[in-house]
Amino acid sequence: MRRRELILFLGGAAAMLPLTSFAQKAPILIGFLGNQAAPPKGDAQGNAIIQGFIDNGLVPGRDFILESHFANGVNERFEGLAKELAQKGARMILSHNPAGVRAVQRLDPPVPVVMTNMNDPVGNGLINSLAHPGNHTTGTASLNADVTPKLLEFVHEILPKATVLAVLFNPSNPSNPVLLDSLSQKAAALGIMVVPFAMKAVDELSEVFSAIVARHPDALQILSDPLLSDSGDTISQVALANRIPTFSTSDATIESGGLVRYSASVRKVLRRTGYYVRRILDGANAGDIPVEQPTGVEFVINLKAAKTLGLEVPATLLSRADQVIE
C-alpha cells in the first residue's frame with residue numbers, strides 16, 4: 001500500500017471511531033418499588049429523585065430508564081414486583097419501604113438495592129450498620145426516629161392545654177407502628193392521649209379524615225411515610241379547613257397549610273439517591289457504600305396557618321425557626 005493510500009485509510013478509520021468505540025450504549029433499567037398508589041406524573045418527590053440522577057451526570061432516556069411499580073398498600077405484592085423487575089434486567093432497584101427492600105434482598109441472583117430516605121434501616125434489620133451495610137444494600141436513611149418525638153414537644157409548646165393528639169399512620173409501612181408506639185409512650189408522660197388513625201391507600205383519605213374530625217383532636221401529627229407524604233397537601237388543606245393544627249415531617253404538608261415541619265428536607269435527601277446509583281454503575285459494591293443520614297434538620301413554622309387557626313405561636317419558638325411562612 002502506497003503512503004498516500006495508507007494515510008487515507010487511517011483517516012477514514014479515525015472518522016469511524018465515534019460510531020464504534022464511542023457509540024452510546026443502550027440505557028440501563030433501574031427499578032423502583034413503592035408501597036403507595038402511583039403518584040401523579042411530575043410529583044415533587046419523583047422529580048427530586050430524577051434531578052439527583054441528572055446532578056450525577058445521568059440523563060433520563062439516554063443513560064437510564066426508571067420503571068416504577070407500586071404496591072398500593074399491599075406489601076405481599078412486593079415479591080412479585082421485585083421478580084418482574086429482575087427478569088426485565090434491572091441493574092438495581094430503589095425502594096423506600098422495608099418490605100420492598102426485603103423483597104429485593106431475597107432475589108437470586110442478587111440485585112443491588114438503594115434505599116431512599118428509609119426509616120431506621122438498622123433497627124428494621126435491612127442492613128448491618130450505617131457504615132458497613134452489607135446485604136447488597138445502600139442508600140439514605142431518615143432521622144424520623146429522632147424527629148417524631150420532637151414534633152410532639154412542639155405540639156405541647158404551641159398547645160399547652162392539648163390532651164388529644166390524632167396520629168395518622170400507614171400500617172403497611174413496618175416502621176410506622178414502631179414510631180407510633182414510641183410516640184404514644186412519650187405523649188402519655190405529657191398528659192396527651194394519642195388516638196391512632198390508619199390509612200393504607202389514598203382512596204381511604206375521606207373516610208379516615210371524617211373519623212378524625214369526629215374525634216375533635218387538639219392537633220394532628222402525621223408519621224413519616226411515602227403514601228402519607230404524597231397526600232400531604234390534601235391532608236393539610238382538609239385539616240386546616242376543619243381547624244386542626246397539623247405537625248409533620250413533610251415538605252408538601254407545611255407548604256399546603258400544615259402548622260409545623262421538623263425534619264430534613266425529604267426532597268434534598270431524595271436527590272442524594274443519584275450519588276448511590278452512580279457509584280454502583282461505576283463498579284462499587286452496594287453493600288460496601290456507607291448509608292447516609294441527613295446532617296441537619298429544618299424547623300419550619302407556617303405563621304399563615306397559625307393565624308387561620310387563631311393560634312399564637314410563642315415568640316421564643318419563632319426565633320428558633322429556620323423558616324417562617326408568612
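Pairs meeting the criteria (first residue in segment 271-287 and under 19 Å from GLY134 (Cβ atoms), second residue open to solvent by 60 Å² or more (accessible area, probe 1.4 Å), beta carbons under 6 Å, at least 6 apart or on different chains) are ALA286/HIS136; GLY287/ASN135; GLY287/HIS136. When you check THR249 against the structure, is it under 30 Å from SER210 (Cβ atoms) and either surrounded by fewer than 17 Cβ atoms within 10 Å (Cβ to Cβ) or out of contact with any helix residue (DSSP H, G or I) (no Cβ under 7 Å at 6 or more places or on another chain) (or both), yes or no? For THR249, the condition - under 30 Å from SER210 (Cβ atoms) and either surrounded by fewer than 17 Cβ atoms within 10 Å (Cβ to Cβ) or out of contact with any helix residue (DSSP H, G or I) (no Cβ under 7 Å at 6 or more places or on another chain) (or both) - is not met. Give the residues of segment 234-243 that are assigned to a helix (DSSP H, G or I) and open to solvent by 10 Å² or more (accessible area, probe 1.4 Å), sorted by residue number. Listed by number, the residues that qualify are THR234, GLN237, VAL238, LEU240, ALA241. From the list VAL167, VAL208, the one residue that fits, being closer than 30 Å to GLU79 by Cβ, open to solvent by less than 50 Å² (accessible area, probe 1.4 Å), β-branched (Val, Ile, Thr) and part of a helix (DSSP H, G or I), is VAL208.
Residues checked against (1) farther than 22 Å from LEU223 by Cβ; (2) open to solvent by less than 10 Å² (accessible area, probe 1.4 Å); (3) small (Gly, Ala, Ser):
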| site | (1), (2), (3) |
| --- | --- |
| ILE254 | no, yes, no |
| VAL260 | no, yes, no |
| ARG267 | no, no, no |
| ARG278 | yes, no, no |
| LEU281 | yes, no, no |
| ALA284 | yes, no, yes |
| THR295 | yes, no, no |
| ALA305 | no, yes, yes |
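Scanning segment 37-61 for residues that are open to solvent by less than 50 Å² (accessible area, probe 1.4 Å) and polar (S, T, N, Q) yields GLN45, ASN56. Filtering LYS200, LYS186 for residues that are touching a residue at least 60 places away in the same chain (Cβ under 8 Å), more than 20 Å from ASP251 (Cα to Cα) and open to solvent by 30 Å² or more (accessible area, probe 1.4 Å) leaves a single hit, LYS200.
Looking only at residues of segment 96-152 that are over 25 Å from ALA321 (Cβ atoms), in contact with a Ser or Thr (Cβ under 9 Å, 6 or more places away or on another chain) and among the small types (Gly, Ala, Ser), we find that the one that is surrounded by the most Cβ atoms within 10 Å (Cβ to Cβ) is GLY139. Across segment 170-182, the qualifying residues are those that are out of contact with any helix residue (DSSP H, G or I) (no Cβ under 6 Å at 6 or more places or on another chain) and of a type in the set (A, V, I, L, M, F, W, C), and the one among them that is most open to solvent (accessible area, probe 1.4 Å) is VAL178.
The values are calculated or read from the model by the stated rules, or taken from the named source; none is laboratory data. Just so it is clear, the structure is predicted and the values come from calculations on it, not from any experiment. Note that each Cβ is placed from the backbone with ideal geometry, even for glycine, and that neighbours are counted across all protein chains shown. Just so you know, the surface numbers come from the protein's heavy atoms only, side chains and all, with ligands and any DNA or RNA stripped out. Shrake-Rupley method; radii C 1.70, N 1.55, O 1.52, S 1.80 Å.
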